[in-house]
Amino acid sequence: MAGLSKKRRHKLSYKIGASFLTMMVAIELGLFISLYLLVFNTYVKQEVDNLVVRGDNYARVLAVDFSSSMVRHSVLAGVDNSTAMVVQNASNQTTLDSSQTVTSEMRQHIQEFQKSNSNTSQSLHTHLFRDDYIVSMSPVKSDGKVIGRIYMFLDTHHIRQILFDFTGIFAVLALLTIFLTVLSAFYISRFITRPLLLIKNGAQKIALGDLSLALNINSQDELSDLATAIENLASNLNTMKKSRNEFLASVAHELRTPLTFIKGYADIAARPSSSDAQKAEYLIIIREETDRLSALTDDLMTLAQLEENEFKIRKASVIVSKIIEQAVSKMSPILAQKNIQIALSGNSDFVAALDETRIEQVLVNLLMNAYKYSFEKSTITLSISSDDNLFHIKIADNGEGIPDEELTHIFERFYRVDKSRSRKTGGAGLGLAIVQDIIKLHGGTISVQSKIGSGTSFEITLPYE
Ligand code: ADP
């Protein structure tokens with residue numbers, strides 16, 4: 001199993017390395033072969049040209065003096081270890097002199113030239129590896145008439161030897177280049193796949209729950225972007241995990257408090273020593289705590305639906321003033337308890353696409369907060385204004401206000417400004433979180449302004465559509 005995973009782990013580097021190697025070796029071999037052929041052909045051509053030039057030079061000398069002593073002299077001077085020279089008479093094509101014994105192969109070559117009976121210098125295309133000689137013919141001309149012919153023979157063994165040495169050097173160079181290519185292929189495949197392996201291992205760690213991930217890939221390319229994205233993912237998951245745990249702890253805490261009250265008062269009420277009046281009083285407390293519990297569970301249900309995206313907003317065209325009237329009339333009996341007035345301003349007789357129930361819930365929540373934190377006999381203002389694409393609903397109170405440093409937190413779940421105050425007023429800190437989620441689902445925004453002692457105002461901005 002370990003062997004299999006090791007094999008798999010190297011699959012990508014193997015693929016990259018093998019493709020790179022194949023490509024590079026193919027290119028290198030192509031280049032080497034072309035270069036080799038080029039050098040080879042140039043060298044052979046140069047040797048052949050040299051041979052013709054040498055023959056021509058002696059042909060010019062002999063053109064001046066075609067005596068047997070001059071021919072002898074030229075034959076001796078014109079050759080070296082790898083060349084031979086034959087001088088023939090043009091009229092009867094007999095050999096006047098030669099630098100060595102004329103072999104049957106040399107004779108054959110001479111005959112080929114004789115067949116063509118050419119008057120210009122030329123070389124014979126011979127097979128370098130099959131024939132013993134490369135041959136050239138230079139005519140000796142006197143007064144424009146061909147009086148003789150010089151045949152130069154270049155030993156192909158000599159060329160073959162040089163080409164052999166040359167091939168050896170090429171082969172060593174080619175092997176060295178391929179060796180270096182293999183090394184680079186190995187290095188490059190490792191270099192490319194190393195960050196990928198790190199990322200893969202990191203992803204495996206995330207899967208196993210290790211979210212404190214640092215991949216440390218600083219290559220400044222797509223792979224480092226991917227690594228950063230994965231690190232961010234891990235860190236987000238970590239934050240989510242922490243906030244989920246905090247949320248659960250808060251829920252447990254919020255549930256425990258009313259339950260403790262209920263159990264405590266139920267225990268006291270059950271005592272035989274408790275009078276009927278005391279029992280009635282305890283029952284009222286138990287009832288209040290039960291109400292608080294059911295309100296809390298309602299809020300939790302709503303939040304859970306919001307989080308799971310199950311909370312469906314069913315938008316329909318509705319006259320905004322109708323929603324406002326419904327919310328206000330729902331709140332009226334409650335507001336009356338503290339003699340609080342509602343002052344409505346602005347025109348809300350227009351149609352917008354809203355989820356009527358949810359927006360009414362938002363308004364009731366905000367009015368309820370304004371009520372909870374307002375003083376007796378104060379006024380809550382509800383004003384509506386509208387732009388081309390958006391309309392605004394502002395709910396302002398003259399209550400106790402919220403400290404500046406708390407303002408950014410009040411939309412968080414379970415956030416309460418003054419914990420003891422909220423126990424008294426009954427909230428668990430979920431209302432504004434729900435309000436904000438509902439407004440966001442409508443494509444709107446909510447903002448808050450507050451001043452300690454002067455009051456708080458919440459402004460909702462919503463699109464018509
Ligand atoms: P709660 O149910 O506790 O009222 P919310 O989420 O509705 O929770 O509000 C969060 C906190 O914001 C409240 O505990 C309260 O301290 C503060 N708050 C909200 N509305 C007002 C307001 N109109 N005036 C003063 N404080 C407010």
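The values are calculated or read from the model by the stated rules, or taken from the named source; none is laboratory data. Note that the coordinates shown come from a computational prediction; the quantities given were computed from them, not determined experimentally. Methodologically, a virtual Cβ is constructed for each residue, glycine included, from the backbone with ideal geometry; neighbour enumeration extends over all protein chains shown. Accessible surface areas use protein heavy atoms only, side chains included; no ligands, DNA or RNA. Shrake-Rupley method; radii C 1.70, N 1.55, O 1.52, S 1.80 Å.
Taken over segment 385-422, the criterion of being closer than 28 Å to Leu303 by Cα and touching a His at 6+ places or on another chain (Cβ under 7 Å) is satisfied by Tyr415 alone. Taking the criterion of being among the basic types (Lys, Arg) and open to solvent by 80 Å² or more (accessible area, probe 1.4 Å), the residues of segment 230-282 that qualify are Lys241, Lys242, Arg244, Arg256, Lys263, Arg271.
Of the numbered criteria (1) outside any strand (DSSP E or B); (2) within 30 Å of Ala316 (Cβ to Cβ); (3) away from the ligand (no atom under 11 Å from the Cβ), the one Ser447 fails is (1).
Only one of these is farther than 23 Å from Ile159 by Cβ, charged (D, E, K, R) and over 60 Å from the mean Cα position of the chain (by Cα): Arg107, Arg130, Arg72. Name it.
Selected residue: Arg72, the only one of Arg107, Arg130, Arg72 that is farther than 23 Å from Ile159 by Cβ, charged (D, E, K, R) and over 60 Å from the mean Cα position of the chain (by Cα).
Take Ser447 and tell me if it is of a type in the set (Ser, Thr, Tyr), open to solvent by 30 Å² or more (accessible area, probe 1.4 Å) and in contact with a Gly (Cβ under 7 Å, 6 or more places away or on another chain). Criteria not met by Ser447.
Considering only segment 245-279, state which residues are over 23 Å from Ala295 (Cβ atoms) and part of a helix (DSSP H, G or I). Result: Asn245, Asp267, Ile268, Ala270, Asp276, Ala277, Gln278, Lys279. If you go through segment 178-201 and keep only what is in contact with a helix residue (DSSP H, G or I) (Cβ under 7 Å, 6 or more places away or on another chain), open to solvent by 60 Å² or more (accessible area, probe 1.4 Å) and aliphatic (A, V, I, L, M), you end up with Val182, Ile192. Of the numbered criteria (1) assigned to a helix (DSSP H, G or I); (2) open to solvent by 20 Å² or more (accessible area, probe 1.4 Å); (3) of a type outside the set (Val, Ile, Thr), the one His127 fails is (1).
Of all positions in segment 389-396, at least one carries a residue that is at pLDDT 95 or above, closer than 11 Å to Gly455 by Cα and either in contact with a strand residue (DSSP E or B) (Cβ under 7 Å, 6 or more places away or on another chain) or among the charged types (D, E, K, R) (or both).
Select, from Ser118, Ser67, Ser91, Ser34, the only residue that is more than 24 Å from His157 (Cβ to Cβ) and under 60 Å from the mean Cα position of the chain (by Cα).
On the way: Ser118 fails: under 60 Å from the mean Cα position of the chain (by Cα); Ser67 fails: under 60 Å from the mean Cα position of the chain (by Cα); Ser91 fails: under 60 Å from the mean Cα position of the chain (by Cα).
Exactly one residue qualifies, and that residue is Ser34.
Residue by residue, here is whether (1) within 11 Å of the ligand (Cβ to nearest atom); (2) open to solvent by less than 30 Å² (accessible area, probe 1.4 Å) holds:
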| position | (1), (2) |
| --- | --- |
| Leu390 | no, no |
| Ile393 | no, yes |
| Ala396 | yes, yes |
| Thr408 | no, no |
| Val417 | yes, no |
| Gly427 | yes, yes |
| Ile452 | yes, no |
| Gly455 | yes, yes |
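Look at Asp349 and say whether it is touching a Gly at 6+ places or on another chain (Cβ under 8 Å) and closer than 26 Å to Ile438 by Cβ. No; evaluated as a whole, the condition is false for this residue. Of the residues making up segment 337-360, just one is assigned to a loop (DSSP other than H, G, I, E, B), away from the ligand (no atom under 16 Å from the Cβ) and more than 17 Å from Lys322 (Cβ to Cβ), namely Asn339. All of (1) within 16 Å of the ligand (Cβ to nearest atom); (2) open to solvent by less than 70 Å² (accessible area, probe 1.4 Å) hold for Glu288 with one exception: (2). The residues of segment 364-382 that are within 7 Å of the ligand (Cβ to nearest atom) and over 50 Å from the mean Cα position of the chain (by Cα), listed by number, are Ala370, Lys372, Tyr373. A count restricted to segment 146-169 and to residues that are assigned to a helix (DSSP H, G or I) and crowded, with 17+ Cβ neighbours inside 10 Å stands at 3. Which of the residues belonging to segment 361-385 are in contact with a strand residue (DSSP E or B) (Cβ under 9 Å, 6 or more places away or on another chain) and part of a helix (DSSP H, G or I)? Result: Val362, Leu363, Leu366, Leu367, Asn369, Ala370, Tyr371. If only residues of segment 202-215 that are surrounded by fewer than 11 Cβ atoms within 10 Å (Cβ to Cβ) and not hydrophobic (A, V, I, L, M, F, W, C) are counted, the one that is farthest from the chain's Cα centre (by Cα) is Gly209. Ile439 passes every criterion in (1) assigned to a strand (DSSP E or B); (2) buried (at least 16 other Cβ atoms within 10 Å of the Cβ); (3) more than 8 Å from the ligand (Cβ to nearest atom) apart from (1).
The one condition from (1) assigned to a loop (DSSP other than H, G, I, E, B); (2) open to solvent by 20 Å² or more (accessible area, probe 1.4 Å) that Gly401 does not meet is (2). Name the residues in segment 339-367 that are open to solvent by less than 40 Å² (accessible area, probe 1.4 Å) and basic (Lys, Arg), would you? Hits for segment 339-367: nothing passes.
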